[in-house]
Every structure is written in C-alpha cells, then in structure tokens.
Amino acid sequence: MADVKHIQPLKPDEEAFLRALGRVMTLLPRVVDADMLEEHSISTVEYMVLVHLSEVPYNQMRMSELANMCGMSLSGMTRVVNRLESQSLVLREKDPDDRRAWLAVLTSAGWTQLKEAWPTNLASVRRHIFSHLEGCDIAAAAKVLERIAPC
C-alpha cells in the first residue's frame, strides 16, 4: 500500500486526463456493443473471443488463456463461451494435453459470423474512436496506452 501521507494530489491536467479516460472506458464499450447488437446477434466481447480464436493455430485456445487475452475471469469467459456455444459459433473440447483443461474452438459458423460482423465492428470503431483523433499521432498514443496496459 502506498504511503498516503506523502502522496501528492493530482495536478489539474492529470485529473482531467483521468476523468476523460474514465468516461472513454465507460462509454466506448457501450456504444460499440450497441452497434454490434443492432446488426448482429453477438456482443463486442463475444466478437473479440471470435477474433482471438481466429488468430491462433487450429483456431483453438485454452479457456484460461482466452479469458486472460480478453481481460476476463475464467468464470466470465465460461459464460461468454456458453452463449457462443449455444449459437454454434464455438465448441468446447477437453484439452488432449491436459484433460483438466478445456479448449474453446472456433467453428465454421463462428468464422462466418466473424466475417459478417467485422465491417460493423470496423465502422463502429472508426466512428466512435478514430474520427475523433484526426491529426493525432496514433502510434504515440498506442505506446502511451501500452505503458498502462502492456500486451
């Protein structure tokens, strides 16, 4: 725990940054999610699960690793994968290398859904994020954010 007796209060620009970041963290998932759900039967979190599975060998990943990639708990990921499984977009299989673990596996229907949802996600991200950053150094901004949340 930090020594609260010696902590300096936030400067006005730090406070402004923190509040703006909080608004973005709250607003952005809601607006992108609304766009995704309006046109497709999957949420942004479900879409990101499909994206992560599409990028790995054999389109499968341990549930614990997938949860970590998405910044979720294992129980939260289980609920998301259950929803995707009910739509036949993902299968769960026992890990042949560790029978205690489960794999999430992208199905052909999952691939199809991912391809159909991609333009909606892209348009939403462009509208809600990048349209507001014209003239900004995106690469520098990415580096700053990666200092807060490293890959």
- [ ] Starting at the first residue of the stretch 64-73, write each ³J(HN,Hα) from the Karplus equation 6.51 cos²θ - 1.76 cosθ + 1.60 with θ = phi - 60°, in whole Hz, x for Gly and Pro.
- [x] 5, 5, 4, 4, 4, 4, 9, x, 10, 6
TODO: For the chain, with a Gaussian network of springs between Cα atoms less than 10 Å apart, report the residue from L18, L66, L122 with the top mean-square fluctuation.
DONE: L18
- [ ] Could you please state, rounded to a whole Å, how far the C-alpha centre of the stretch 8-70 is from the C-alpha centre of the stretch 85-121?
- [x] 18
Task: Solvent-accessible area of K115 with every protein chain in place, 1.4 Å probe, in Å² to the nearest 10 - done: 140
Task: Alpha carbon convex hull of the chain, projected area averaged over orientations, nm² - done: 12.1
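Tell me, which longest segment in the chain has none of the GluC sites (Glu not before Pro) that fall in DSSP loops with at most 15 further Cβ atoms within 10 Å? Kindly include the intermediate steps, with their values, before the conclusion.
Values: sites that count: E55, E134.
So the longest stretch without any such site is 56-133.
Work out the FRET efficiency for K115 and L74 from their Cβ-Cβ distance, taking R0 = 30 Å, and round it to the nearest 0.05.
0.60
Take the alpha carbon gyration tensor of the stretch 1-72, find the square roots of its eigenvalues, order them as a ≥ b ≥ c, and report rounded if a/c is under 1.5; if not, report prolate when a/b exceeds b/c, else oblate. Could you put the intermediate results ahead of the total?
Numbers: a/c = 4.22, a/b = 1.75, b/c = 2.41.
Because a/c hits 1.5 or more and a/b fails to exceed b/c, the stretch 1-72 counts as oblate.
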Open item on the list: Helix check for the chain. Which DSSP H runs span at least 24 Å along their own axis by Cα, with a mean Kyte-Doolittle hydropathy no less than -0.5?
Closed with: 12-39
- [ ] Using just the helices of the chain, give the 222 nm mean residue ellipticity in deg cm²/dmol: DSSP H runs with n ≥ 4 each add -39,500 (n - 2.57), and the total is spread over all residues, rounded to 500.
- [x] -20000 deg cm²/dmol
- [ ] Provide the FRET efficiency to the nearest 0.05 for the C151-L18 pair, computing r from the beta carbons and using R0 = 25 Å.
- [x] 0.65
TODO: Please work out how much length the chain gains when fully extended from M25 to A142, using 0.36 nm per residue of separation minus the C-alpha to C-alpha distance, in nm with one decimal.
DONE: 40.6 nm
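The values are calculated or read from the model by the stated rules, or taken from the named source; none is laboratory data. This one's a predicted model, so the numbers in the text were calculated from it and none came from an experiment. Backbone-built Cβ (ideal geometry, glycine too); neighbour counts: all protein chains shown. Note: areas computed on protein heavy atoms with side chains; ligands, DNA, RNA excluded. Shrake-Rupley method; radii C 1.70, N 1.55, O 1.52, S 1.80 Å.
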